[in-house]
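Where a number appears in this text, it was derived from the coordinates with a stated rule and is not lab data. Small disclaimer: the values here were computed from a predicted structure and weren't measured. Glycine gets a Cβ as well: all are built from the backbone with ideal geometry, and neighbour counts include every protein chain shown.
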Amino acid sequence: MKPFASLFIFFLFCVTASAQLTTTTLAGTVGILALPGVKGAPFSAEVITEIERILPDGNHIRQEYPGKVFRDSEGRVRRETLQKNADGNEFTTININDPVRQVSIHFSDLTGDVATLFTHPNPTLKLTSPATAPAAQPHPVGPGANSSGQPALSNTRVKPENLGDKTIEGYAVHGTRRTQTIAAGAIGNEQPIVKTIESWYSKELHADLLTEVVDPQTSHRTTRLLNIRPGEPDPSLFQIPANFKIKEVETVVKEVSTEP
């Protein structure tokens with residue numbers, strides 16, 4: 001019998017990811033911080049994501065995306081992000097990850113009274129306890145993946161760096177910087193391309209309180225938590241509004257052989 005890897009989940013993340021973007025977006029992960037489904041570590045906070053991009057003609061584009069994040073004692077996470085569409089009109093996107101029910105929920109001002117519910121037996125959504133929760137990995141770069149979660153180029157190097165400890169918003173945090181270098185010529189580039197991802201993780205909250213991504217191919221992006229309030233959020237925040245219609249989407253699960 002051929003050996004198989006663990007179930008590879010093709011979670012339809014494209015829809016929920018689009019919830020983090022405007023129709024004229026500059027960033028791929030607006031308003032997202034690493035926030036695992038940890039039991040027993042509830043809190044609420046405001047989120048600010050600032051994005052700066054320099055165009056080839058030297059023009060600067062700066063955008064700010066305010067939002068909110070909530071996590072309850074059961075590990076459910078709700079993210080709200082305020083954005084603008086191509087016409088400059090503001091709208092809010094809401095994403096809820098529920099590791100208890102193994103579902104994700106997405107709705108926004110643009111979808112009216114329709115909420116999309118994804119069912120996905122995703123191993124990454126399994127609940128962890130505060131004692132066993134891993135350190136946050138807000139951007140899956142490493143020997144096996146690039147910043148988009150895709151297989152990394154064979155000539156891409158990732159160097160981790162310990163930044164030590166400091167305090168953010170009254171919480172002790174530990175810093176890590178990961179430098180990803182794409183070698184010259186790997187993607188037609190004349191010079192090496194260097195991307196850095198800096199994150200500051202709180203063991204008490206089991207979350208990154210600050211991340212900064214500097215990517216010459218896209219933008220300079222900073223996301224931080226502010227006005228952090230420990231304690232249980234309103235349970236209704238993790239439910240679909242009663243007057244909403246529900247559009248259910250199942251994920252596709254595929255076994256992938258590990259053999260060449």
>> Distance cut-off 28 Å, Cα to Cα: go down the list Lys39/Lys195; Lys68/Lys159; Lys159/Lys203; Lys68/Lys245; Lys39/Lys68; Lys68/Lys203 and report the pairs above it.
In response: Lys39/Lys195; Lys68/Lys159
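In the range 184-247, what trypsin sites (Lys or Arg not before Pro) fall in a loop by DSSP, with at most 12 other Cβ atoms inside 10 Å? Mind dumping the intermediate values first?
On the way: sites: Lys195, Lys203, Arg221, Arg224, Lys245, Lys247; in loops: Lys203.
Here no loop site has a sparse enough neighbourhood.
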> How far apart, in nm, are two points set 7 Å out from the Cα along the Cα-to-Cβ line at Glu161 and at Arg53?
Replying inline: 2.6 nm
>> If you take every residue apart from Ser219 with its C-beta less than 15 Å away from the C-beta of Ser219, what net charge results, scoring Lys and Arg +1 and Asp and Glu -1?
In response: -2
> Can you list the aspartates and glutamates whose alpha carbon is less than 19 Å from that of Lys166, not counting same-chain residues fewer than 8 positions off?
Replying inline: Glu198, Glu204, Asp208, Glu212
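Set the Förster distance to 30 Å, then compute FRET efficiency between Glu204 and Asp87 from the Cβ-Cβ distance, nearest 0.05. Mind showing how you got there, number by number?
Numbers: r = 42 Å, r/R0 = 1.40.
The value I calculate is 0.10.
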> At a Förster radius of 25 Å, what calculated FRET efficiency corresponds to the Cβ-Cβ distance of Asp234 and Arg101, to the nearest 0.05?
Replying inline: 0.90
